[in-house]
Amino acid sequence: IYYEYMLIARNLLDGLGYSYDDTGYTIMQPTSLFPPLYVYWCALFMGLSAQNFLPLYLGQALIGAIGVVPAFSIGRRLFDKRAGWIFAGLYALYPEMIVLVTRPVPEFALVVLVLWLWWCYLVLRDRLREGRGTRLVTMGMGLLAGTGVLVKETILIPVLAAFVGLLWKADQPRRVLIRQVLPIAGIMCLFLLPWIWRNWEVQNRFIPLRTGFGLNLWMGNNPISEGTPYTLDGGKVRFTLPSPYREQFESGLPQDEQDRDDYYLRAALDYIGANPGQYALLTAKRLWYFIWFDPTHHFTGHAVYRVPYIVVLLLSVIAVVRLVRSRGTDPFMIVTYLGFAVLYVPVISLPRYRIVPVAILLLLAAYALARWLPPGGRKTAIAPAGGD
């Protein structure tokens with residue numbers, strides 16, 4: 001089964017360029033549906049192994065495994081060494097993290113990049129408090145942010161969270177803004193320039209990140225939508241639309257990708273405007289899916305998915321209560337979690353879209369478990385730590 005990323009990669013290998021045919025709806029044409037790095041990752045392994053996806057998934061598993069390193073350090077810096085070990089273990093063994101590397105989607109790399117970005121943020125925050133040099137860490141954060149935005153554009157949320165955290169209660173916020181925040185943002189933007197230029201050259205439009213936002217809004221808000229790309233029986237919304245709505249809708253689809261995305265956007269906004277109550281209901285459903293379980297996805301009904309998540313969620317609630325009482329909160333976790341909710345809840349829901357918030361829940365669960373272990377670690381909630 002080829003996902004959209006792999007279809008573009010296959011077109012690259014077939015000499016058709018970075019192109020896509022919108023799953024048979026329109027003619028083949030240059031696309032900006034996704035940022036390029038994960039597509040080229042797929043093309044690398046598909047070029048080496050034809051239709052055998054095992055090498056691709058093994059490569060993804062190796063990348064995913066690297067995440068245990070920043071996970072340990074994050075837990076140690078925010079809480080204590082025991083929490084670090086537990087967070088690293090939960091990240092390595094949590095079923096959804098394991099399954100994620102066996103799917104051709106970029107979220108497996110997104111969560112690793114976010115963990116490293118989070119670690120850089122904590123190192124930078126501590127060095128600023130201690131008055132130590134920050135140039136290399138600042139550059140490293142910029143490189144991570146630049147790489148991440150070409151893998152999955154939603155890394156902009158934890159990047160923003162890091163900026164909020166750096167400026168939060170800073171002794172000299174203007175100095176931090178000029179010497180840390182702006183350089184990180186500048187390096188990230190430099191990474192985007194080739195992609196923006198390519199989009200302008202092939203599509204004659206300013207497309208800084210990707211197309212497809214209108215499509216996503218429409219898939220989550222249409223006459224048969226349940227708030228996700230799927231119906232309750234597991235069919236894809238785009239292929240199960242009732243007649244004559246489907247024929248009428250498809251007859252007006254433009255050929256140009258950006259025009260087509262604008263078409264989806266207008267259709268979604270028209271539906272929302274005509275059905276505000278239904279949109280409110282769909283948004284409430286998506287919020288429930290974000291916190292609990294998406295009933296339209298084939299994976300979320302399994303006990304291997306539900307049981308660990310319920311346990312982690314309960315432990316996270318306990319951890320949040322403890323942290324609020326001790327006033328040991330950090331803006332990075334709050335802004336990142338809420339940012340993903342604000343991005344996806346009004347638009348569309350998929351289990352993998354909340355993988356970064358799940359990583360935050362794993363850290364909170366690690367903190368709760370660490371508090372129940374025999375005495376021996378620090379009792380403070382969140383405190384600046386030294387080097388690793």
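Over the chain, give the accessible area per residue in Å² for a 1.4 Å probe, as an integer.
Details: 17700 Å² over 388 residues.
Ligands and nucleic acids excluded, the result is 46 Å² per residue.
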Exercise for review: Go ahead and estimate [θ] at 222 nm for the chain from helices alone: -39,500 (n - 2.57) per DSSP H run with n ≥ 4, summed, over the residue count, rounded to 500.
Suggested key: -21000 deg cm²/dmol
Revision key, fill the gap. For the chain, the longest principal axis of the Cα atoms and the Cα long axis of helix 68-78 enclose an angle in degrees, to the nearest 10, of 50
**Study point:** Amide H within-cut-off set for residue 20, under 5 Å, with H built and near neighbours excluded
**Key:** 29, 31
Point to revise | Tally of Lys pairs whose C-alpha atoms are under 24 Å apart, taken over the chain, 8 or more apart or cross-chain | key: 4
Study note, to complete from the structure: Taking N as the number of residues in the chain, the ratio of its alpha carbon radius of gyration to 2.2 N^0.38 Å works out to 1.03
Exercise for review: State the Kirkwood hydrodynamic radius of region 1-137 in Å, one decimal place, computed from all pairs of distinct Cα atoms.
Suggested key: 17.0
Revision key, fill the gap. The simple spin-label model distance between residue 320 and residue 48, using points 7 Å out along Cα→Cβ, in nm, is 4.2
Exercise for review: State to the nearest 20 debye the size of the charge dipole of the chain about its Cα centre, where the only charges are +1 on K and R beta carbons and -1 on D and E beta carbons.
Suggested key: 2140
Review point. In the chain, with Lys and Arg counted as +1 and Asp and Glu as -1 at Cβ, which of these residues, 309, 68, 84, has the Cα nearest the positive end of the dipole, that is, farthest along it?
Key: 84
Review point. When the Karplus curve 6.51 cos²θ - 1.76 cosθ + 1.60 is applied with θ = phi - 60°, which whole-Hz ³J(HN,Hα) does each residue of region 298-303 get, with x for Gly and Pro?
Key: 5, 7, 6, x, 7, 4
Exercise for review: Express the carbon and sulfur contribution to the solvent-accessible surface of the chain as a percent, rounded to the nearest whole number, probe 1.4 angstrom.
Suggested key: 67
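After finding the eigenvalues of the alpha carbon gyration tensor for region 70-211, what semi-axes result from the square roots of 5 times each, listed largest first in whole Å?
Working: eigenvalues 150, 116, 18 Å².
Whole-Å semi-axes of the equivalent ellipsoid: 27, 24, 9.
The values are calculated or read from the model by the stated rules, or taken from the named source; none is laboratory data. Since this is a predicted model, take the numbers as computed values, not measurements. Here the Cβ is made from the backbone with ideal geometry for all residues, glycine too, and neighbour counts use every protein chain on show. These accessible areas exclude ligands, DNA and RNA; they are computed on the full protein's heavy atoms, side chains included. Shrake-Rupley method; radii C 1.70, N 1.55, O 1.52, S 1.80 Å.
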